[in-house]
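Only one structure is covered here, and it is reproduced in the block below.
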Amino acid sequence: RIAVVNRTVERAEDVAELVRRTTDLREVTAVALEGPESREAVSGADVIVDCTSVGMYPRHNVEPVVPAEWLREGQVVTDLTYNPLDTVLLKAARAAGAQTVDGAGMLVHQGAISLQYWTGQEPQVETMRRALL
């Protein structure tokens, strides 16, 4: 089961429909971030993926879109921003007892796919990761 939470329910529904259309997943719901179901959707989630730019430099000290009190132990929280790697959201998630994943892996693999696409060269992913970190 997947809940797509977005600032607008219309955009959430667009993404949810894309997931239903391109995967075998059917239990995909759309939730507005400011709506009444958003806290339950986030608090009840086992995995949270923040795909926003909130928390990315130069706005790296702003509050995340997911309030800290919605996070809990047992969750896995990933923030796809990569500058800084340790975002306000990830710090709040760790404080709540959640496991965290930063955006470095996403950035490295996007770069690797781009390199291969544009040059035809086989990317050295581990070398790219070391250069980033």
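I'm checking my understanding of the structure. Among residues of region 72-110 that are surrounded by fewer than 16 Cβ atoms within 10 Å (Cβ to Cβ) and among the acidic types (Asp, Glu), which one is nearest to ASN61 (Cα to Cα)? Among residues in region 72-110 that are surrounded by fewer than 16 Cβ atoms within 10 Å (Cβ to Cβ) and among the acidic types (Asp, Glu), the one nearest to ASN61 (Cα to Cα) is ASP86.
Which of the residues that make up region 88-133 are assigned to a loop (DSSP other than H, G, I, E, B), touching a helix residue (DSSP H, G or I) at 6+ places or on another chain (Cβ under 9 Å) and either within 18 Å of SER53 (Cβ to Cβ) or among the hydrophobic types (A, V, I, L, M, F, W, C) (or both)? Write out each step before concluding.
Narrowing region 88-133 to residues assigned to a loop (DSSP other than H, G, I, E, B): 96-98, 102-103, 120-124, 133.
So of that shortlist, the ones also touching a helix residue (DSSP H, G or I) at 6+ places or on another chain (Cβ under 9 Å) come out as 96, 98, 102, 121-124, 133.
Scanning region 88-133 gives ALA96, ALA98, ASP102, LEU133.
If you go through region 22-38 one residue at a time, do you hit one that is surrounded by fewer than 14 Cβ atoms within 10 Å (Cβ to Cβ), of a type outside the set (D, E, K, R) and either modelled with pLDDT of 95 or more or under 30 Å from LEU133 (Cβ atoms) (or both)? Yes, region 22-38 contains a residue that is surrounded by fewer than 14 Cβ atoms within 10 Å (Cβ to Cβ), of a type outside the set (D, E, K, R) and either modelled with pLDDT of 95 or more or under 30 Å from LEU133 (Cβ atoms) (or both). Checking each residue in region 75-84 for being part of a loop (DSSP other than H, G, I, E, B) and in contact with a Gly (Cβ under 7 Å, 6 or more places away or on another chain) picks out LEU80, THR81, TYR82. Here SER53, SER43 are screened, and the one residue that is surrounded by fewer than 17 Cβ atoms within 10 Å (Cβ to Cβ), touching a Ser or Thr at 6+ places or on another chain (Cβ under 9 Å) and small (Gly, Ala, Ser) is SER53. Taking the conditions (1) modelled with pLDDT under 95; (2) buried (at least 17 other Cβ atoms within 10 Å of the Cβ) in turn, GLU13 satisfies each one other than (1). Residues that are of a type in the set (A, V, I, L, M) and within 18 Å of VAL101 (Cα to Cα) within region 29-59 comprise VAL42, ALA45, VAL47, ILE48, VAL49, VAL54, MET56, listed in sequence order.
A quick yes/no check of all residues on (1) under 22 Å from ILE2 (Cβ atoms); (2) of a type in the set (A, V, I, L, M); (3) touching a Cys at 6+ places or on another chain (Cβ under 6 Å):
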| position | (1), (2), (3) |
| --- | --- |
| GLU37 | yes, no, no |
| THR52 | yes, no, no |
| HIS60 | no, no, no |
| ALA68 | no, yes, no |
| ASN83 | no, no, no |
| ALA95 | no, yes, no |
| GLY111 | no, no, no |
| MET128 | no, yes, no |
| LEU132 | no, yes, no |
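Of the residues making up region 55-66, those that are touching a residue at least 12 places away in the same chain (Cβ under 8 Å) and out of contact with any Gly (no Cβ under 7 Å at 6 or more places or on another chain) are GLY55, MET56, TYR57, HIS60, ASN61, GLU63, VAL65, VAL66.
Considering region 1-30, the residues that are in a helix (DSSP H, G or I) and under 20 Å from PRO64 (Cα atoms) include one that is farthest from the chain's Cα centre (by Cα), namely VAL9. Looking only at residues of region 48-74 that are in a loop (DSSP other than H, G, I, E, B) and aliphatic (A, V, I, L, M), we find that the one that is farthest from ALA32 (Cα to Cα) is MET56.
The values are calculated or read from the model by the stated rules, or taken from the named source; none is laboratory data. The model shown is predicted, which means the values in this text are computed figures rather than measured ones. Neighbour counts run over all protein chains shown; Cβ positions are idealised from the backbone, glycine included.
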